[in-house]
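Right, one structure below, let's go through it.
Nothing in this text is a laboratory measurement; each read-out follows from the coordinates by a stated rule. Just so we're clear, the structure is a prediction, and the values are computed from it rather than from any experiment. All Cβ positions, glycine included, derive from the backbone under ideal geometry; neighbour counts span all protein chains shown.
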Ligand SMILES: [Zn+2]
């Protein structure tokens, strides 16, 4: 269950059947053909990063001509390279390039999924970027650096963000210091993995494959 871990985030679906956007407590699935649908609350996800979004920063940013310009503006809001940040950007996007993954035709391994993907270009699209910035040390369990998924206001377009240009955007940001992982049952072992301080350290690659969701906690204001 994704939504019990948070109401905002991103991820992928079981059998890598599309990109996930979790926004305002709804789960959206953007499939390989670009079709957007609302996923059931009990949708399974091999990987999802979600949080209860309570922004600590809420401001308007100047128009951006590229994704790298957007990332620079987001950088100016971050004060640390050692914690996680969730970003929400809303507004009119002049141009958005996305990609979506499809299930591998031969039910191949997850790592082969990136080969089955389609790219889309949208222009003059009102929508939202759901973003996550992850520290370098987390690269085995998340995508380090920025990771954005786009969803249009009409809920017809979206995907994993490759490029964008936009007018002024509303930027909201939340810093998160703690990470909790909720792990899938590992079918190979026939038992559930429970995160525990006393559990033997599993290799990070194995953690990634069995990971179901990461929950990020708001940083306490001091
Ligand atoms: Zn993505």
**OP:** Tell me the label-point distance for the pair residue 80, residue 156, using the 7 Å Cα-to-Cβ offset, in nm and rounded to one decimal.
**Re:** 4.3 nm
**OP:** Compute the Kirkwood hydrodynamic radius of the range 1-141, taking the inverse of the mean of 1/r over all pairs of distinct Cα atoms, and give it in Å to one decimal.
**Re:** 16.4 Å
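Expected output is a single nm value to one decimal: the length gained when fully extending between residue 126 and residue 71, i.e. 0.36 nm times separation in residues minus the C-alpha distance. What is it?
The span from residue 126 to residue 71 would gain 17.9 nm if fully extended.
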Original post:
If you count, for each residue, the other Cβ atoms within 10 Å and average over each peptide, how do 23-29, 52-58, 13-19 line up from highest to lowest?
Top reply: 13-19, 23-29, 52-58
Subject >> For the range 29-82 versus the range 138-173, the gap between their alpha-carbon centres in whole angstrom >> reply: 4 Å
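Full-extension gain between residue 44 and residue 94, please, as 0.36 nm times their residue separation minus the C-alpha to C-alpha distance.
Details: separation 50, 0.36 × 50 = 18.00 nm, distance 3.33 nm.
Value of the extension gain: 14.7 nm.
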Original post:
Computed FRET efficiency, Cβ-Cβ of residue 56 and residue 180, R0 25 Å: what is it to the nearest 0.05?
Top reply: 0.80
